[in-house]
1. Tally the residues that are open to solvent by 90 Å² or more (accessible area, probe 1.4 Å) and part of a strand (DSSP E or B), restricting the search to segment 620-631.
2. Which count do you get for residues in segment 535-552 that are open to solvent by 10 Å² or more (accessible area, probe 1.4 Å) and in a helix (DSSP H, G or I)?
3. Tally up the residues in segment 632-642 that are at pLDDT 90 or above and either out of contact with any helix residue (DSSP H, G or I) (no Cβ under 7 Å at 6 or more places or on another chain) or open to solvent by less than 40 Å² (accessible area, probe 1.4 Å) (or both), please.
4. Please list, ordered by residue number, the helices (runs of 4 or more DSSP H) wholly in segment 254-318 having 1 or more residues that are among the small types (G, A, S) and open to solvent by 10 Å² or more (accessible area, probe 1.4 Å).
5. Among residues belonging to segment 38-85 that are in a loop (DSSP other than H, G, I, E, B), open to solvent by 60 Å² or more (accessible area, probe 1.4 Å) and of a type outside the set (D, E), point out the one that is farthest from E18 (Cα to Cα).
6. Considering only residues that are assigned to a loop (DSSP other than H, G, I, E, B) and among the polar types (S, T, N, Q), which ones fall in segment 553-599?
7. Hey, can you tell me all the residues within segment 112-146 that are charged (D, E, K, R) and over 15 Å from I90 (Cβ atoms)?
8. How many of the residues in segment 664-679 are modelled with pLDDT of 85 or more and more than 20 Å from D649 (Cβ to Cβ)?
Amino acid sequence: MAKNLLIVESPAKAKTIEKILGEDFQVKSCYGHIRDLEKDEMGIDVKNNFKPRYIVPQEKEKVVKELKSLAKKSDEIWLATDEDREGEAISWHLCEVLGLDPTKTKRIVFHEITKPAIQKAVQNPRTVDMNLVNAQQARRILDRIVGFELSPVLWRKMSMKNNLSAGRVQSVAVRLIAEREREINLFKAISTFRIDAEFTATDVSGKNVVFGAEGKKFNKEEDAESFLSSCIGATYKVNDIQVKPAKKSPAAPFTTSTLQQEASRKLGYSVSRTMILAQKLYEAGNITYMRTDSVSLSETAVDDITNQVKEKYGKQFVQPRKYKNKNESAQEAHEAIRPTAMQQLSVEEPDCRKLYDLIWKRTMASQMADAELEKTTAKIQVSTNKEELTAQGEVLKFEGFLKVYREDRDEEELSEDEMQEGMLPPLTIGQQLPLKQMRATERFSRPAPRFTEASLVKKLEELGIGRPSTYAPTISTILKRGYVEKRDKEGIKRDYRVLELKNEKISKVTEQENTGAEKSKLFPTDLGLVVTDFLKQYFDDIMDYNFTARIEEEFDEVANGKLKWSSMIDDFYTPFKKDVEKTIETAERIKGERELGIDQQSGKKVIARMGRYGPMVQIGDVSDEEKPRFAKLKNTQSIETISLEEAMDLFRLPRNLGTFEDKDVIVNIGRFGPYIAHDNKFYSLGKEIDPYNITLEEGIPILETKRKAKEERTIKVFEKEKIQILRGPYGPYIKQGLKNYKLSKDQQERASDLSLEEVEQTIQTLKANPPKKTARRKKRES
């Protein structure tokens with residue numbers, strides 16, 4: 001038995017560190033948090049300075065039992081959880097559970113899992129920093145209060161299934177997405193006409209080339225046409241040429257949020273995916289700690305990077321730099337995210353490799369020379385009016401850091417064609433230029449784009465809301481709760497007008513553009529919009545961006561020992577509790593209703609509203625003699641934007657497609673999505689099939705395929721009792737309604753011979769003594 005027990009958060013990290021420290025140390029994992037707040041009464045004693053009541057969850061009892069046993073057999077216990085507030089809190093919880101004194105127990109920290117870093121940490125232990133622990137406790141307790149107090153308010157005030165929740169950061173994130181969507185819906189595009197001209201000139205090889213120049217923008221078509229008319233018969237000459245040197249500097253090394261943003265743009269990774277991969281790289285010793293808002297690099301790291309730049313690209317590409325955080329509240333004394341060694345390490349998993357390469361390139365570029373450019377601007381005079389046209393070109397004189405990395409672009413190095421893009425032929429002042437053509441092209445203004453996961457992280461960071469460890473779980477939560485959904489949106493075709501001056505004549509044509517598809521954008525659902533409006537109306541503090549950012553600053557003050565955490569919570573809780581009580585007592589139920597018009601056939605009112613299972617359209621009222629009719633909205637439709645015509649189209653379901661085998665074939669949308677019905681049997685259509693447009697010819701093959709699969713899956717049916725014995729991936733089982741019941745091994749072997757009596761007895765037994773669910777180990781969210 002090793003004399004020293006060292007406890008870390010993850011088993012992967014434990015293996016790596018144990019190899020480094022050798023046989024004197026036994027390294028074990030606690031698998032993240034080992035205690036959590038009780039569920040009863042929030043797990044917080046509000047009347048006793050918000051004292052938290054912690055328990056060891058059932059799924060962690062085995063881990064804690066093993067750690068206690070090992071701790072008793074060890075001479076010394078070391079805590080090596082992550083170097084952030086969450087990690088510090090886990091170390092404190094370990095002290096509490098294992099009976100250790102946090103003022104004496106050795107606590108070590110490191111931001112990279114390398115031999116020098118681990119050995120240095122062991123030589124310089126400290127104790128648990130209770131200020132950091134209290135900052136984490138303050139966040140956990142305040143967020144628990146908000147969630148536990150607000151969520152029941154939503155349950156009471158909304159006629160929806162009770163999985164609604166609210167949160168201090170998540171609700172503000174949804175508000176950002178909701179407000180952006182409403183800006184887009186209200187946006188009115190304004191068109192302008194931009195003048196573009198094409199001229200010919202001779203390049204350095206004596207070959208005639210075409211280059212472009214831009215002119216004035218006009219708000220009205222007639223003004224643009226008037227300008228083109230004034231250019232008929234004009235001559236064009238170069239009036240002025242300016243050549244200016246320019247430089248581009250590299251971006252700072254990665255922080256958590258900038259890594260999430262670039263991995264999204266360049267690699268297409270979601271925020272949570274990026275953090276999972278970064279965690280793997282960190283635990284394997286490939287990169288430094290991945291939760292950080294610092295852009296600084298250690299002197300040792302800078303030396304390593306500059307040596308590698310010199311070796312790979314030459315001395316002229318080296319330019320050591322120091323980066324400082326713009327955000328003064330950047331927490332913890334971490335470095336930026338960087339490789340632990342600049343000699344590119346071998347990473348086998350493909351997705352991890354891509355992320356590692358991205359980090360390596362960004363880190364290398366941060367210590368490389370500026371890219372040097374030469375920008376040429378030529379002013380072209382029009383002989384028949386006072387306007388000037390401007391031609392611009394750019395030449396890359398020295399690649400500098402661009403040899404390795406270009407921010408917010410594809411990873412591939414610039415091709416030769418890209419290098420030449422925007423270059424001008426040699427021009428001289430006074431040179432006459434033959435006009436090839438001139439166009440006035442209509443262009444439309446566009447609203448601010450919808451958020452991606454990456455741009456939402458950037459916005460939250462700009463507003464000071466959340467911290468590196470909170471972005472991924474926040475986005476995961478709002479997607480899981482159904483307040484926001486990630487989807488693609490097809491571009492739309494739009495006509496635009498073009499006036500063209502060519503051969504001294506003006507012609508007018510209409511051309512068409514595609515506004516461009518949107519990929520993986522965040523859209524608020526109707527549920528998200530309705531809940532946001534309710535919370536803004538009754539809990540304006542919680543939903544206020546500045547208030548939420550100020551709370552983050554107070555957490556930082558607690559971490560720095562400048563503010564008592566219980567006082568901070570008390571200042572928040574007293575007015576918040578009053579708002580909760582007042583809202584429960586006085587607020588009306590959330591309807592999310594919008595009147596669309598009148599149904600011409602029945603003369604009844606048509607409304608779009610939230611129903612128990614989501615947004616829907618209703619014709620008529622519950623008070624009418626005849627029952628109202630309902631239709632579910634499509635996934636791409638919203639209560640706020642659906643038109644009366646679109647709403648009435650939803651009532652085309654159910655549709656009778658025709659007959660097959662002398663039975664009607666019906667399509668409709670149910671609680672679980674689109675389905676096709678035939679001979680009193682129902683088959684899911686899947687999301688890719690549109691029930692409003694599917695034909696009988698398209699439906700029959702689907703029906704036959706689904707029916708065959710269902711028949712092969714079915715072992716036995718008791719029609720009257722609505723009980724089936726079906727084949728599943730783990731063997732035969734019983735299905736009654738929407739519930740499934742497991743058969744014993746013996747019953748599975750003779751499934752086709754089971755009697756109704758035996759099946760009903762099995763159902764009753766399992767209802768009375770349901771099998772225990774296997775608890776999944778909770779991972780600390782990245």
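1. 2
2. In the first step, residues of segment 535-552 are kept if they are open to solvent by 10 Å² or more (accessible area, probe 1.4 Å); the result is 536-538, 540-541, 544-547, 549-550.
Remaining after also requiring in a helix (DSSP H, G or I): 536-538, 540-541, 545-547, 549-550.
Residues that pass the stated criteria total 10.
3. Here is the first cut: in segment 632-642, the residues at pLDDT 90 or above are 633, 637-642.
Right, trim to either out of contact with any helix residue (DSSP H, G or I) (no Cβ under 7 Å at 6 or more places or on another chain) or open to solvent by less than 40 Å² (accessible area, probe 1.4 Å) (or both) and you get 633, 637-639, 642.
Qualifying residue count for the region: 5.
4. Working: elements: 256-262, 271-283, 299-313.
Those helices (runs of 4 or more DSSP H) span 271-283.
5. Quick first cut of segment 38-85, residues in a loop (DSSP other than H, G, I, E, B) only: 38-39, 46-50, 53, 56-57, 74-75, 80-84.
Still in the list and also open to solvent by 60 Å² or more (accessible area, probe 1.4 Å): 39, 47-49, 53, 75.
Next, only the ones that are of a type outside the set (D, E) stay: 39, 47-49, 53.
Numbers: K39: 36, K47: 45, N48: 42, N49: 41, R53: 34 Å.
Applying the filter and picking the extreme gives K47.
6. Filtering segment 553-599 down to residues assigned to a loop (DSSP other than H, G, I, E, B) leaves 560-564, 587-589, 591-593, 599.
Across segment 553-599, the qualifying residue is only N560.
7. Applying the first criterion (charged (D, E, K, R)) to segment 112-146 yields 112, 115, 120, 126, 129, 139-140, 143-144.
Hits for segment 112-146 are E112, K115, K120, R126, D143, R144.
8. 5
The values are calculated or read from the model by the stated rules, or taken from the named source; none is laboratory data. This is a predicted model, so every value here is computed, not measured. Cβ atoms come from the backbone with ideal geometry, glycine included; neighbour counts cover every protein chain shown. Side chains included, ligands, DNA and RNA excluded: accessible areas come from the protein's heavy atoms. Shrake-Rupley method; radii C 1.70, N 1.55, O 1.52, S 1.80 Å.
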